[in-house]
1. Got a sec? Which of V861, V873, V826 is over 20 Å from P720 (Cβ atoms) and either surrounded by fewer than 17 Cβ atoms within 10 Å (Cβ to Cβ) or over 25 Å from the mean Cα position of the chain (by Cα) (or both)?
2. Of the residues that make up the range 22-32, is at least one modelled with pLDDT of 95 or more and over 27 Å from V342 (Cβ atoms)?
3. Taking the range 491-518 as the region of interest, how many residues are closer than 15 Å to V438 by Cβ, surrounded by 22 or more Cβ atoms within 10 Å (Cβ to Cβ) and within 29 Å of the chain's Cα centre (by Cα)?
4. Which condition breaks for R140 when tested against (1) without any contact (Cβ under 8 Å) to a residue 12 or more places away in the chain; (2) part of a helix (DSSP H, G or I)?
5. Among the residues of the range 105-126 satisfying the criterion of being modelled with pLDDT of 95 or more and not aliphatic (A, V, I, L, M), which is nearest to ligand 3 (Cβ to nearest atom)?
6. Looking only at the range 455-483, which residues are outside any strand (DSSP E or B) and modelled with pLDDT of 90 or more?
7. Could you say whether any residue in the range 345-353 is outside the structural domain of G419 (by TED's automatic domain parsing), more than 16 Å from ligand 2 (Cβ to nearest atom) and without any contact (Cβ under 8 Å) to a residue 24 or more places away in the chain?
Amino acid sequence: TAYVFTFGGGVTHQDPRAKDKTIVGGKGANLAEMAGIGLPVPPGFTITTEECVRYLAEGGDFSADVRAEVAAALTHIETAVGKKFGDAADPLLVSVRSGARVSMPGMMDTVLNLGLNDETVKGLAASSGDDRFAWDSYRRFIQMYSDVVLGVDHHLFEDALEIAKEDNGFYADVEMGAEHWQALVAEYKSIVQTALGEPFPQDVFHQLWGAIRAVFDSWDSDRAKVYRRLNDIPGDWGTAVNVQAMVFGNMGDTSATGVAFTRDPATGEKAYYGEWLVNAQGEDVVAGIRTPQYLTRYSRERAGAKPLSMEEAMPEAYAELAAVFELLEKHYRDMQDIEFTVERGKLWMLQTRSGKRTAKAALKMAVDMVAEGLIDERMAIKRIDPMALDQLLHPTLDPDAPRDLLTKGLPASPGAASGAIVLDADTAEKRAERGEAVILVRVETSPEDIHGMHAAKGILTARGGMTSHAAVVARGMGRPCVSGAAAVSIDMASRTLKIGNRELKEGDVITLDGAAGDVMAGSVPTIEPELVGDFGTLMEWADKHRRMKVRTNAETPADCRTARQFGAEGIGLCRTEHMFFDDQRIAAVRQMILAEDGAGRRAALAKLLPEQRADFHAIFDEMAGLPVTIRLLDPPLHEFLPHADAEFEELSDVIGIGVATLKRRAEELHEMNPMLGHRGCRLGITFPEIYEMQARAIFEAACDVAVASGAAPVPEVMIPLVATRKELEILKALVDRTAAEVFAEKGNSVAYHVGTMIELPRAALMAGEIAEVGEFFSFGTNDLTQTTLGVSRDDAAKFLTPYVEQGIYPRDPFVSLDIEGVGQLVELAAERGRKTRLDIKLGICGEHGGDPASIAFCEKVGLDYVSASPFRVPIARLAAAQAAL
Ligand code: ADP
Ligand code: MG
Ligand code: MG
């Protein structure tokens, strides 16, 4: 099979691999696709991801076959362009670009203008008739190649450029003429000579292979690894290399380069959106070296900016570009993110891909595109990343609250965030780890800042446009971002900053409004999100297409209310222990635990009964007849005990037992390994009066609510940590007996169910037997993961991250279900349970109930519902629909 695929220059491929993202990467596939539909794409070729994987694994040289295919593909470019690589009179120049299966913006390396040396630069000057352009291109090439391939620090070149401009009394790069660039090239070459002890490579083939290796190597760079980990991208995909004929946006004032979106990536508005620069090359726009201009007249006028838009300055090239936008959107049926260059008036397409967008924009575009007939509902559902909805479910700034506005920048990524100013990524990470909310403030961000951006609540940059690194990455991460706030100036030495005439220092609190571009002093109050409009429409579609129900994990009326607003269809897990920690009750709880015998415990429980009944009453009221699964007491009792001496003394006063006795009892309750100790149904077996009280509270409240409201609650009483049929039998009898007593006393009854959690491997294996007693199973996958993996969730932090980094588990098994392992137990228990009890109800209530990948698995196994924390309910609704499609 081929190692190399050509594109452009009139080639047409039979081989489907030539357009397969997994083989030629996203960039390569889309370049081939665009060339195929007749768009102007500079010709080039792609070396496959498979060759990258081989190269990284085996190292060493490229095979004769690979070299021969590259040589042939280079000839293809030469023929198409009519220039020869390394030709001293009229040289072909190429770019060498990375391109993985999914886009990893700015994470990997690209080299432009490759093929220049001391001879070919003269040829380029002669053939283009533009000396300045030729030397500008050469200095760019030396800097990029030295940075990316030779590992020379790019600051050395940037400083040299600054000094050259200063010496000449220039302010901007555009003031530099041919002779200035030529002098800088000499300077750059000596920087390389000094740094490496050898000259800058002059052999163009040496340059080419060096760049190819560097692109492959960049797949394993630290920053690429961090990005992959944050985005769940497998390490074994590799990147492709694209080698492509250069086109030049820096050939004077009829040339330009730009980046565009076919719709607004921040709001989703159906309007072209983009930025461009005259007489510039590729990276100038994204790197924030010059502040770019607006693409369309509409957005220029809306922003009140002066420099002409492309629509006004280059109407012909712009019209051609707009036609390409239309064509690409129709072709891909999605919003496209496009790179283009205009060389002396002629438009060239350099990249297209489905554009990254904010959650809000994603929803608007999906709903709009259904209305436009571009996609159908099912496609719209599939296109939204469920996790991205999280951005929309959180508060935004209260529009009526007073704001102490410091400055305005570009609205690069929406959302509101308040936090302490931090000036570098490492500090951001450190302070965030301590639980502090921080805002990362930088002149501009680069891929090295990615961990700090992730740790920060928001990002503010002094330079860079809407398509700058900071903006793109922030949108992808769902972090609010204000970019290009020119009034911000940072002094790293004193770790202070000025915003306009206001002085601030690291640690001062500011607030960002990423949708407006506002930067405010202090923190600003927030308001609850709107769950209507596009969000509501998409959720309606999701509900129509999903099979599984979505419940919530909740134990307070407030959580119940939030969850119902988010569309919860019941409670999948109501943990009763949280109710015991209440200040008013804890004394009675402790008295109960520390009692010497059953009678002492009963006396204490009698105090708790009315409190528990009131809890359930309030929850049943909120849930208005929807099913409510209540788990009886689960944690080891010592969790409720006092620790400090003062607490013991206080308790002694309240319950009238001496401190020494209390301490002895507490000592007795101590366990070596409480996770596997005296907890769950083991408490119910040994202290039946606890479960009796809880069952009584449930049924009394249910009867009361049934009478009062007419919407009869359907309690599902859930016994935790069951391993055997016998345990469940004993405790079900206890619950049934209590229910019968309450119903007799009340002269009234409600329907109810008794079931169990499946959270021990033995329970999963014995599910057939257990289902003879239990009417429902709820998979408690947090404990099931702990007990199956033999990994304590509370102690795992130390080793799980390295485990995930080394690929031992693909993701943290407490975040995303270990489908391979723990999944087998779930599947088997579901099967065995159904065999004995045809209509057994099956659900999941672990943390995994809110994780899209785990939800897809639940659909596959045929569970009846998933249960997620209130803010995850919409995510689960969408994920359940995606799983069903
Ligand atoms: P990234 O993945 O970081 O966007 P790219 O490979 O797309 O890197 O290239 C970086 C910049 O160089 C982009 O602006 C791109 O348009 C520009 N560029 C890449 N190849 C060429 C080329 N053959 N001619 C002109 N500009 C190019
Ligand atoms: Mg790149
Ligand atoms: Mg690009």
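The values are calculated or read from the model by the stated rules, or taken from the named source; none is laboratory data. Everything quoted here is computed from the prediction, not taken from an experiment. Note that we place each Cβ from the backbone using ideal geometry, even for glycine, and neighbour counts take in every protein chain shown.
1. V861
2. Looking for residues that are modelled with pLDDT of 95 or more and over 27 Å from V342 (Cβ atoms), one finds at least one in the range 22-32, hence yes.
3. 3
4. So R140 meets the others, but not (1).
5. For the range 105-126, the residue satisfying everything is N113.
6. Passing the criteria: A455, A456, K457, A462, P480.
7. Taking every residue of the range 345-353 in turn, none turns out to be outside the structural domain of G419 (by TED's automatic domain parsing), more than 16 Å from ligand 2 (Cβ to nearest atom) and without any contact (Cβ under 8 Å) to a residue 24 or more places away in the chain.
Each row is one residue, and each column tells you yes or no for (1) within 25 Å of G60 (Cβ to Cβ); (2) within 16 Å of ligand 3 (Cβ to nearest atom); (3) aromatic (F, W, Y); (4) surrounded by 14 or more Cβ atoms within 10 Å (Cβ to Cβ).
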| position | (1), (2), (3), (4) |
| --- | --- |
| F170 | no, no, yes, yes |
| A195 | no, no, no, yes |
| L208 | yes, no, no, yes |
| Y227 | no, yes, yes, yes |
| N231 | no, no, no, no |
| T239 | yes, yes, no, yes |
| Q244 | no, yes, no, yes |
